[in-house]
Amino acid sequence: MELAVFNLDYPSFLAKHEVVYLSPPKEGYEGFPLGNGDLGAMVWCTDSGLQIQINKSDTWDQPNQESGMLLRSCARLSLDTATPVFDWLYLDDFEGRLSLYRAEAAFQATTPFMRLRTAARVLANHNVLALDVEVEGRGDIAVQGSSISLALERWGSRAFGSWYSGIHRGASQGLGKAHAAIEGRDACVEEHFEVLDFAVACRVVGCEATARVVNAHRTDLTVSCRPVQRFTVLVAVVTNREAADPRAEAVRLLDECEHTGAAALQAEHEAWWERYWNASFVHIGDDYLENLYYFHQYLMGSGSRGHYPLLFNAGLWTWNRDVRQWVHPHHWNMQQAYWSVCAANHPELMKPYLDTYWRLKPQAEEYARKRGFDGALLWNEKHDYAGRMESSTSLSFVNAFTPASQIGQAFWRYYRYTGDRAFLEERAYPFMKAAAEFYLQYLRWDEENSHYFIFPASPYECETGNQYTNTTTDLATIRGTFKTCIEVAEMLDVDADKREQWQRVLESLAPYPLTQIQGKGDALAAAEEKPGIEMPPQGAFCAALAPVFPTGLLGLADRGTPLFEAAVRCAEAHPSNRLAISPIAAAKARLGLGEAALEDLKMSVRQLQHFPQGLFYNIDHWHYLSRYADSAPNPIVTAQRDYIHDHAARYKDVRIRNAGEREERVSTPTQPFIQCGMEPSALLATGITEMLLQSYDHTIRLFPALPSEWPASFTLLAEGGFLVTSRKEPGLPPARTQITSLLGNECTVAWPWPEKPLVRQMAPSDAPVAYAQEAESIRFATAKGARYELLPQGGPAEEEAPVYTGQPNTAPKSYLEAMLGIPRDF
């Protein structure tokens, strides 16, 4: 008899993780994020309606005097009911709800003047925002009605891209050349930059609306005055990268959607998201962390299906015009959003990242040539999507050499999960081989110690210098890249000479540097200690743990070795207030330190989940802006959010650059610059998946770092194309585990039971499967599409599989200093 590991009602299960606001979000950074992977929107309330900022993944403008290459916002759409429908003073009832399962943001309010219901979504299969509006007048408005207006505007602004160190005066910078127009029933705004043009078109469907141009930047649509109104607003965005005439194409998209009809569009949208969620499943023993895990996967589905990767700094969800700090992609930050998507059975979400770096491969090759390396590939940490290496002379970046090879490892990871042989031959291997070539040419031979070494080099974004020897980040990256290149070259039966070179380096590469932790022993260090050289700080980027994560060269298979113990000591010494961009939770999970990894996840939420919908901030030392930092207990947690709520919080000693004038030093308010970051939520999701399932070394490990008190269940994708479903209760080994072989590869599993497991192929054969045993793992052949079950010897336990379900969330959730949702305050 075939028994399930668990049963799942996904719609109701995710309903318990809906984000609920019981008071209106009046600030843009409190808004609900929406998106279809290419088009994104942030939705929040005003006193009399809604504000929606619309963004897109490919609206990259060229550098200007103020900023580097910048991802511009597209437009703002404002809905104004002409009544105080969301004003605290008049609210009888209010609810805002973000449904992750339906990818929909809904608001409803009741006042003495009006009942308003709205629901917004960015259609999964069309680059169109749909906003459903239902208005019912009350009191005198029930008799006379109220005119409703929609404003579509594009003003643009400075980006303040270097606000951390200074800003430029001159408010006209970055405004573009907006042009508002009416085309038939549609209100349109077009924008023109040096190489970027885009158009936004807005239409009201379901009732009459009058359109007019207000000025060059704004058009209005006015819905006729009636006591009861029901209509839908459609907004389309098209760039000149998609069509020669963006405005005509935007109007065509609106025609297409109107012809398809609201019911069909809604069904398409919900079907796409249903397929998205059903690809995997995670249930852990902490509801709040589980909620944030699903929120991150929601953001990835909403933000990574376009022409460019999801930008680490606010993604598609900015709210303050064109303000976007750190306008350049930073490799270390960018990759983090993608670390968990393959395990979540969504390797397709990596395509914007991989496609972008493949398109720009020639620029990276040219950069390597300029630095003296032929046939090689080199990326600078800070770059843009035209291929400019923006920090090629920076102290912190000039000798940080890992990005190209780490990007290459992302290509390899995509292949390992998908088995796409053509991708491996045509893209992954050429990229990895060229990245490896840089290291072949850069390494030097140390006659005295008989090994290859690297100098000068620096760890990730190292402000203490770049004249280090044998940086752990590089040594781990070299080992990982060369090992993978050898494996792929053997698979493809190519480059025998290169295989010999790579192998020779691996056999004679300098050992990882160590340092002493007093009273404990050796620990991994970020670089070799040299007299007179200040060592890189431990912590921020987890540099010393690079062999563990993300490289995956050191893990549970090495338990008990001196190097493994040195890694454990290094992980245990990681500072608890350096979590924003450090994958320490994933590294600890790779070392089997589940309880310690959980503490890091908890602390990251306490310190960094600053925004009520679940978005995080990506700076973990912002408590220094607080006027209470010197007096508050534990300020790195308790004062970390003061820059949002306290209007006295200011950036001090900011440089103001005046054109043609000398530089000034001023202080500026913090609020205009508030912005989320993608890294902390991505690191949380990665940490959770690594606790539940690991497969980086071609061996599937079930619950390798599960906190002892957690029950947990999952369906996740392992490398090699194995969809794994398992469940575990506290204090017990896993229950039955089922593995679907998507690619027909040989499967290796570290068995988690005291005795050898029984392996059987499930329906239709239900036959035992022979396996080879190696220490504490087993290997068995699989057939593509077949399903296998692993369980303790003695046959299937007659246990009832749990059913995972839930009820719609009705209130905000709190987690010490953090909160998901907004409580009622009226």
Kindly indicate the residue of segment 121-147 that is open to solvent by 30 Å² or more (accessible area, probe 1.4 Å) and in a strand (DSSP E or B) and also modelled with the lowest pLDDT among those meeting that condition.
-> Ser147
Within segment 298-334, track down each residue that is open to solvent by 10 Å² or more (accessible area, probe 1.4 Å) and part of a helix (DSSP H, G or I).
-> Asn333
Identify, by number, the condition in (1) open to solvent by less than 20 Å² (accessible area, probe 1.4 Å); (2) out of contact with any Cys (no Cβ under 9 Å at 6 or more places or on another chain); (3) under 29 Å from Thr670 (Cα atoms) that Asp630 doesn't meet.
-> (1)
Could you please let me know if Thr810 is at pLDDT 95 or above, under 30 Å from Gln607 (Cβ atoms), open to solvent by 60 Å² or more (accessible area, probe 1.4 Å) and within 30 Å of the chain's Cα centre (by Cα)?
-> yes
Among the residues of segment 112-146, write down those that are acidic (Asp, Glu) and either touching a Lys or Arg at 6+ places or on another chain (Cβ under 9 Å) or within 21 Å of Asp38 (Cα to Cα) (or both).
-> Asp132, Glu134, Glu136
Hits in segment 339-373 (condition: under 25 Å from the mean Cα position of the chain (by Cα), over 15 Å from Gly387 (Cβ atoms) and part of a loop (DSSP other than H, G, I, E, B)) = Trp339, Ser340, Val341, Cys342, Ala343, Ala344, Asn345, His346
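Per-residue answers, yes or no, for (1) in a loop (DSSP other than H, G, I, E, B); (2) open to solvent by less than 30 Å² (accessible area, probe 1.4 Å); (3) touching a His at 6+ places or on another chain (Cβ under 7 Å); (4) closer than 30 Å to Tyr651 by Cβ:
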site: Ser149; (1), (2), (3), (4): no, no, no, no
site: Ile167; (1), (2), (3), (4): no, yes, no, yes
site: Ser172; (1), (2), (3), (4): yes, no, no, yes
site: Ala180; (1), (2), (3), (4): no, yes, yes, no
site: Glu191; (1), (2), (3), (4): no, yes, no, yes
site: Ala199; (1), (2), (3), (4): no, yes, no, no
site: Thr210; (1), (2), (3), (4): no, no, no, no
site: Val213; (1), (2), (3), (4): no, no, no, no
site: Val233; (1), (2), (3), (4): no, yes, no, no
Please identify the pairs in which a residue from segment 483-512 that is more than 14 Å from Tyr439 (Cα to Cα) has its Cβ atom under 6 Å from the Cβ atom of a residue that is modelled with pLDDT under 95, counting only partners at least 6 apart or on another chain.
-> none
What strands (runs of 3 or more DSSP E), lying completely within segment 688-771, carry at least 1 residues that are crowded, with 17+ Cβ neighbours inside 10 Å and of a type in the set (Phe, Trp, Tyr)?
-> 712-718, 722-728
Filter segment 205-256 for residues that are among the β-branched types (Val, Ile, Thr) and more than 25 Å from Asp80 (Cβ to Cβ) and give the result.
-> Val238, Thr239
Name the strands (runs of 3 or more DSSP E) wholly within segment 29-119 that hold at least 1 residues that are closer than 23 Å to Cys188 by Cβ and at pLDDT 95 or above?
-> 32-35, 39-45, 49-61, 70-80
In segment 555-600, how many residues are part of a loop (DSSP other than H, G, I, E, B), more than 19 Å from the chain's Cα centre (by Cα) and not hydrophobic (A, V, I, L, M, F, W, C)?
-> 9
Just a yes or no: is a residue in segment 781-794 of a type in the set (Ser, Thr, Tyr) and either within 26 Å of Thr418 (Cβ to Cβ) or modelled with pLDDT of 90 or more (or both)?
-> yes
Looking at this structure, is Thr356 out of contact with any helix residue (DSSP H, G or I) (no Cβ under 6 Å at 6 or more places or on another chain), hydroxyl-bearing (Ser, Thr, Tyr) and either without any contact (Cβ under 8 Å) to a residue 40 or more places away in the chain or open to solvent by 20 Å² or more (accessible area, probe 1.4 Å) (or both)?
-> no
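The values are calculated or read from the model by the stated rules, or taken from the named source; none is laboratory data. Bear in mind the structure is a predicted one, so any value in this text is a computation, not a measurement. Ideal geometry is used to build each Cβ from the backbone, glycine not excepted, and the neighbour counts take in all protein chains shown. Surface accessibility is based on the protein's heavy atoms, side chains included, excluding ligands, DNA and RNA. Shrake-Rupley method; radii C 1.70, N 1.55, O 1.52, S 1.80 Å.
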